[in-house]
């Protein structure tokens, strides 16, 4: 936590520092994906050096994204994330559509993560402690409720929980890595590999392209979440310094941890076993400590998921707050901040929406739509960066994007590829996601608020 800066009553509190920024980047990135994705990558590539290469390339892609977004975040430290940059570059209507899209994606993602956490929790608890037939859903709702209460206490409580959960998450994965190098694999390792088909081997020539793309797509998705600190930009006491450090440092920390996890798995599991495991971390834990390994990995996954819940339920209300404060949403209550520095109305609306999605049960279609919405946001961010460099060359930029313009162009190309892949794989969900995003354009916008007036040149158009 940084030393508190002066704040106005009813406004967000500028009390966050580098510690929270790193915790937000790590906590918003590391989930249960790293427990599964190494198996997918091994199945596609079948070679240790290629596995290392794809994890490094995915980390470098995330690092380039962090470097590009760091310029925007340091120059425009306002609450809510991507919509801030879209509004500045392309006008108020685009800002509203971007913020609405981002908030919807957060609600869908929050509901899915809470449901998954409920599934893990239900598997760990005795049936007698859970409501009949509603065990996992009840736990999912309890998780949303618990973290909502924490956030209602204020930004200090929310940031402390984020730092604690991120520390616990990093600690749990570190213990897993250390165990892989310290403990000796059990006698079941050789038979485990012997009962499986050989690893697929290295595809030759052009045949390597498709497996590499599939593997890289999974890896980049596992790195997703590195931009989490930008949602709290207005609450950093020194945003020009701490936001770039949080974004870049968070990616580097996650990259190091992911490489260590893969190194541990490759030490414990034969390549054949890694390639055939849908949950290689659990397979490795079972090899190391026996039947209790699955239980250990379930606990690790639950800790990772709770960190994601905290990040999402803390970030989403800031999107609504920023939109309302700028006058893009005609709901003044969303711009009200309680005494602890939390946008209470936005928090309650986010929690209620996520809880409703949990109760709906099967929301695979919504999850597919949310994925499309998420992958489109960095594309908007990169377009905003390029546009603002042309429109406002005199804008004060405390941090400059390294390798401009190549860096944002590479990230934009990657984001576009993800969008096209999602549209090709599931056109119905993609069209529904587009309709959901464009529904934000139909929302009535009020007159520009104080933040919008102070944040733009006098002649900024309403495009």
Most packed first (mean Cβ within 10 Å per residue), the peptides 68-74, 21-27 order as 21-27, 68-74
With a Förster distance of 41 angstrom and the Cβ-Cβ distance between residue 438 and residue 57, calculated FRET efficiency to the nearest 0.05 equals 0.75
Burial-style ranking of 98-110, 397-409, average other-beta-carbon count within 10 Å with highest first, yields 98-110, 397-409
Expected sort for 141-151, 411-421, 81-91, 173-183 on mean C-beta neighbours within 10 Å, highest first, is 81-91, 141-151, 411-421, 173-183
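Please give the FRET efficiency for residue 339 paired with residue 423, using the beta carbon to beta carbon distance and R0 = 41 Å, rounded to the nearest 0.05.
0.35
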Here the tail fraction of P(r) beyond 25 Å, over all Cα-Cα pairs of the stretch 1-111, rounds in percent to 43
Semi-axes (Å, rounded, descending) of the ellipsoid equivalent to the stretch 68-128 per its C-alpha gyration tensor are 37, 13, 7
Note: residue 213 to residue 352 extended length (0.36 nm per residue) minus current alpha-carbon separation gives 46.3 nm
Computed over the chain: longest principal axis from alpha-carbon atoms vs helix 406-425 long axis, angle to nearest 10 degrees, is 70
Compactness summary of the stretch 18-443: radius of gyration and Dmax from Cα atoms, Å, are 21.4, 66
Computed, not fitted: 222 nm per-residue ellipticity of the chain from DSSP H runs ≥ 4 (each -39500 (n - 2.57)), nearest 500, equal to -23500 deg cm²/dmol
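Every read-out reported here was derived from the displayed coordinates using simple, explicitly stated rules and does not represent laboratory data. Given the structure is predicted, the values throughout are model-derived calculations rather than measurements. Neighbour counts run over all protein chains shown; Cβ positions are idealised from the backbone, glycine included.
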